[in-house]
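Since every read-out is calculated from the coordinates, none of them should be taken as a lab result. Everything quoted here is computed from the prediction, not taken from an experiment. Cβ coordinates were reconstructed from backbone atoms using ideal geometry, including for glycine residues, and neighbour counts include every protein chain displayed.
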Amino acid sequence: METTSTTISRLGEHIGTPVTLSGWVYNSRASGKIIFIILRDGTGMCQCVLEKNDDTESFFGEAKKLAQEASVEITGSVKQDDRATGGFELAVTNVKIIHASVDYPISPKPHGVDFLMKHRHLWFRSKRPWHILRIRATIIDQIRRFYNDRGFVLIDTPIFAPAAGEGSQTLFQVDYFGDPVYLAQTGQLYLEAACMAHRKVYCFGPTFRAEKSKTRRHLTEFWMVGPEIAFASLEEVMDVAEEFICSIAQRVLTDHREELIELGRNIEDLEAVNKPFTRLTYTEAAELLRGPKAQALLENDLTEKSARVSELNKSIEELDAVSSAQGVKQWKKDKAAAEVVAAREERGELEEQIKNIPHHLELAKNFEWGSDLGGSDETIISRLHDRPVFVTHYPKDVKAFYMRQDRSDDRVLECFDLLASQGFGEIIGGSAREEDYDRLLARIKHEKLPQEDYDWYLDLRRYGSVPHGGFGLGVERTVAWICGLRHIRETIPYPRMMGKFYP
Ligand code: 4AD
Ligand code: MG
């Protein structure tokens, strides 16, 4: 009989008819005269059931030997089955092996993240990265849609840059035919020039920072997107940021609700991402850190996390007993062993966090006006709000030279960070830009930046300078927050961090 080639995502169009799927064996289990193959084809997963009978006998033996990640073509008729993954099942009539897979390194049992990262090129095929990278693609699509729909003009800014855009501490230097240049830390300065031509512009591209520390929030190569708007005030720029973030959360909730649930993301937290976001000044944020709410939050953490560790200790003991008991079925032992690995990992993380709590408490309690907010401070502030929160008007000394000085209080700048909720911390940094030539030049000199490198940038303040502003959003931090991932490394296909650049 004629069969149609299709994909798992379109099985619903073929109920009761024979189709051919092409893909890879995700998992396979034989039980007497039946083989259950979970096939993945890039669009989804489907259980394929092969029964041994006169028609299938000729290839049944070969099919039984199919290993994880062998590539195959499977023909069968489509049955609707609400209990099955994806809602369909294939009653197999033929299996054609395209290529074998021997000793695939990533088995269904848990692996450490270092091992998985070294096998990133294969790890892509597993469920979790598959979900995350699809959500990333949707977020990027929504980012472009947001700006394109609102009349922002896309301006691509260069990656080779002659000067620092965002502080000289994190520059990657490259030899440019004998001259030193740097990989772009931001497209912002170039974008400012373009907004004087097109009024509303945005740039979106890879960004580089030589971050010499290993944290869960920093990559050395990441993607940044942001608008720049002529004649905009700080408040207007923040309004855009607010609407932008809401549109991203909405889009992912609409397109990926099931995947978010599978990743363990709390959906209600994302549904709460609506306007307006609280706008705290830096000074108010500092008071919040020193106040009783921050203290209570951390003390409560200590109690809850310690209780969870005791719970885990107990279950690890019980699971160990199952693994080593006599007469327990092998699959039960395997399950217990896998659970122990997960429990130990969770316990390790909690113990690390518990160890840090007293230090974070001290930092918050003694927070001094004038210092920058640290990672733990941001976490506290963002956890004290149920949706993203703006912190505005930071002191001059902790922010970049191009930010506009507040004319009513010259100790602070017209700038903001947006801290994502649930403790994720900063995902956006932005500001009004200093439009006054003399003030900007004074900042460049004060920061001891080489003035000649910024002469073109000063031109923007020589010829029809106007108030303007914008912000930059880190794509990977946004993906981490939306998906509920503790660490940023899983949010980009090939993460680059200090000491990590393979594969
Ligand atoms: O706050 P940042 O440094 O701001 C700028 O670069 C401005 N020039 C943007 C602008 O106003 N147009 O960086 C912006 C965002 C951060 O909020 C964060 O989300 C992300 O970029 N980011 C990083 N993400 C991953 N790894 C790093 N090392 C990052 N550094 C910044
Ligand atoms: Mg920042």
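Before moving on, here are some points about what is shown:
- Distance histogram for region 12-58 (every C-alpha pair counted, 10 angstrom bins, percent rounded to whole numbers): 23, 49, 27, 0
- Pairs over the 24 Å Cα-Cα cut-off, from the set Lys109/Lys355; Lys65/Lys109; Lys214/Lys355: Lys109/Lys355.
- 10 Å-binned pair-distance histogram of region 295-361 (Cα, whole percent): 21, 39, 22, 13, 5, 0
- FRET efficiency estimate (nearest 0.05) - Cβ-Cβ, Ile316 to Lys445, R0 60 angstrom: 0.50
- Proportion of all alpha-carbon pairs of region 368-503 beyond 19 Å (%): 60
- Electrostatic bookkeeping for Ser28 treats Lys and Arg as +1 and Asp and Glu as -1; over the other residues with beta carbon under 10 Å from its beta carbon, the sum is +3.
- For region 230-331, chymotrypsin sites (Phe, Trp or Tyr not before Pro) meeting the loop criterion (DSSP other than H, G, I, E, B) and having at most 16 other Cβ atoms within 10 Å: Phe231.
- Where only C-alpha atoms are counted, convex hull volume of region 4-99 per residue in Å³: 86
- In region 1-103, the GluC sites (Glu not before Pro) that fall in loop regions by DSSP, at most 14 other Cβ within 10 Å: Glu2
- Sequence-separation-based contact order of region 295-361, relative, with Cα cut under 8 Å and 6+ spacing, percent: 43
- Compared with the rule-of-thumb size 2.2 N^0.38 Å for a compact globular protein, the chain has a Cα radius of gyration ratio of 1.16.
- Phi-based couplings in Hz for region 243-252 (Karplus 6.51, -1.76, 1.60; Gly and Pro marked x): 5, 4, 5, 4, 5, 5, 4, 4, 4, 5
- Once the Cβ-Cβ distance of Lys33 and Lys118 is raised to the sixth power relative to R0 = 35 Å, the FRET efficiency obtained is 0.30.
- From helices alone, the chain scores -12500 deg cm²/dmol at 222 nm; the rule is -39500 (n - 2.57) for each run of n ≥ 4 DSSP H residues, then divide by the residue total.
- Here the label points at Arg144 and Asp453, each 7 Å from Cα along the C-beta direction, are separated by 3.2 nm in the simple model.
- Region 417-473: chymotrypsin sites (Phe, Trp or Tyr not before Pro) falling in loop per DSSP and having at most 10 other Cβ within 10 Å: Tyr463
- C-alpha long axis of helix 330-365 to longest principal axis of the chain, angle in °: 10
- Förster radius 41 Å - calculated FRET efficiency between Ser323 and Lys65 (Cβ-Cβ, nearest 0.05): 0.90
- Percent of beta bridges antiparallel (DSSP, region 4-99, rounded to nearest 5): 85
- Of all beta bridges that DSSP places with both ends in the chain, some 85 percent have antiparallel geometry.
- Simple spin-label estimate for Thr215 and Glu243 in nanometres, 7 Å along Cα-Cβ: 3.1
- Full-stretch length increase - Ser233, Ala337 - with 0.36 nm per residue and alpha-carbon distance subtracted: 31.7 nm
- Angle in degrees between helix 437-446 and the longest Cα principal axis of the chain, rounded to the nearest 10: 70
- Per-residue HN-Hα couplings for region 126-143 [Karplus 6.51, -1.76, 1.60; θ = phi - 60°; Hz; x = Gly/Pro]: 7, 4, 4, x, 4, 5, 4, 6, 5, 5, 4, 4, 5, 4, 5, 4, 5, 4
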